[in-house]
Amino acid sequence: MPTVRELRAMAGEEPITMLTAYDAPTAEIVDGADVDVILVGDSLGNTSLGYETTLPVTVDDVARHVGAVSRATEEALVVADMPFLSFGVDEADSLENAGRMLKEAGAQAVKLECGPHTVDLTEKMVQLGIPVMAHLGLTPQHVNQYGGYPRQGTDREAAERILDLAVAHEEAGAFSLVLEHVPANLAAEITAALESPTIGIGAGPDCDGQVLVVDDAVGLSGWSPSFSKRFGNVREEMESAVEEYVEAVESGEFPADEHSHEERDLDDLY
């Protein structure tokens with residue numbers, strides 16, 4: 001698997017691929033496709049747990065899914081997304097929660113939705129041996145503050161604030177930066193300003209890498225954002241398979257003789 005040091009060295013040299021995964025079978029498929037980074041995102045709240053936002057996701061939720069993904073992954077770098085209020089409130093709790101993702105669940109790094117409050121925390125985590133992937137732009141854990149999921153950095157003041165925070169987190173030791181739903185030219189400016197790689201989602205083509213939610217990429221989700229792209233239609237395939245299963249059971253076609261066996265000694269038990 002690429003180390004955080006090797007991933008950092010990929011900036012400007014070769015495109016970085018990152019996808020989310022939340023379970024072992026998906027992680028095995030993503031890893032087998034030579035994706036560089038698997039993010040166990042708190043988006044599991046939307047994709048797997050049925051929540052409308054990521055806010056209800058707990059540390060236990062993420063740790064459980066990180067464990068499943070890490071056990072199925074051999075090559076990709078596994079990054080654990082730190083959920084809402086699991087960091088940034090109390091330093092000791094933040095470090096313990098993040099450390100648990102590495103020590104118990106098997107991740108190699110954590111991702112923080114960042115702001116001014118996470119600069120010093122990033123530095124402390126890195127000092128303790130917890131690699132940090134920063135995340136700026138649209139940070140979904142701020143959904144109530146935003147009133148939704150609007151594009152970020154659309155005026156000069158906001159853009160400069162994101163750029164300054166990107167530089168500050170790199171100086172604090174973050175090995176990479178996710179940029180979500182920001183203007184492409186802002187993402188290009190930030191990418192040029194940093195030595196560490198930027199990984200974009202809805203941030204244009206000039207980032208060092210790209211990330212998507214795997215459910216969106218394979219066409220499993222019922223809805224996906226405008227900056228995403230479907231590379232398959234897994235939802236349609238699953239719907240077709242389930243409908244065929246129901247029809248086969250109801251018609252008596254399944255199970256057929258080849259799907260079961262008999263033991264002669266068990267005849268005439270009753």
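The values are calculated or read from the model by the stated rules, or taken from the named source; none is laboratory data. This structure is a prediction, so every number in the text was calculated from the model and none was measured. Cβ sites come from the backbone with ideal geometry, for glycine too, and all protein chains shown count toward neighbours. These accessible areas exclude ligands, DNA and RNA; they are computed on the full protein's heavy atoms, side chains included. Shrake-Rupley method; radii C 1.70, N 1.55, O 1.52, S 1.80 Å.
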**Q.** Structure-derived Rg/Rh (Cα atoms, Kirkwood Rh) - corresponding label in [x] 0.96; [y] 0.99; [z] 1.09
**A.** [z]
Q) Relative contact order for the chain: what is it in percent, counting Cα pairs under 8 Å that are at least 6 residues apart? A) 16 percent
Q) What ranking of 220, 112 comes out by heavy-atom accessible area, probe 1.4 Å, highest first? A) 220, 112
Q) Over segment 48-156, what is the relative contact order in whole percent, taking alpha-carbon pairs under 8 Å and six or more residues apart? A) 24 percent
Q.
Test of understanding: what is the full-extension gain from residue 33 to residue 251, defined as 0.36 nm times their sequence separation minus their Cα-Cα distance?
A. 74.6 nm
Q. Contour minus end-to-end for residue 167 and residue 154, with contour as 0.36 nm per residue of separation and end-to-end as the Cα-Cα distance?
A. 2.8 nm
Q: Provide the FRET efficiency to the nearest 0.05 for the residue 103-residue 268 pair, computing r from the beta carbons and using R0 = 45 Å.
A: 0.15
**Q.** segment 10-74: relative contact order as a whole-number percent, Cα under 8 Å and 6+ apart
**A.** 38 percent
Q. Quick one: putting +1 on the C-beta of Lys and Arg, -1 on the C-beta of Asp and Glu, what dipole do you get for the chain around its Cα centre, in Debye to the nearest 20?
A. 1500 debye
**Q.** Vicinal HN-Hα couplings computed from phi for segment 185-198 (Karplus, 6.51 cos²θ - 1.76 cosθ + 1.60; Hz; Gly/Pro x)
**A.** 6, 5, 4, 5, 5, 5, 4, 5, 7, 9, 8, 7, x, 9
Q: Grab the other residues whose beta carbon is less than 12 angstrom from that of residue 61, score K and R as +1, D and E as -1, and report the net.
A: -2
Q.
Can you give the FRET efficiency to the nearest 0.05 for residue 64 and residue 93, using r as the Cβ-Cβ distance and R₀ = 25 Å?
A. 0.85
Q.
Through the Karplus equation 6.51 cos²θ - 1.76 cosθ + 1.60, θ set to phi - 60°, convert the phi angles of segment 20-31 into ³J(HN,Hα) values in whole Hz; use x for Gly and Pro.
A. 7, 8, 10, 8, 5, x, 5, 4, 4, 5, 4, 5
Q) What value, in deg cm²/dmol to 500, does the helix sum -39500 (n - 2.57) over DSSP H runs of n ≥ 4 give at 222 nm once divided by the residues of the chain? A) -12000 deg cm²/dmol
Q) Based on the Kirkwood radius over alpha-carbon pairs, what value in µm²/s does the Stokes-Einstein equation return for the translational diffusion coefficient of segment 118-257 at 37 °C and 0.692 mPa s? A) 188 µm²/s
Q | Protein accessible area in the chain, 1.4 Å probe - carbon and sulfur % | A | 49 percent
Q: Work out the charge dipole of segment 64-181 with +1 on the Cβ of Lys and Arg and -1 on the Cβ of Asp and Glu about the Cα centre, then indicate which of 135, 68, 148 is farthest towards its positive end.
A: 68
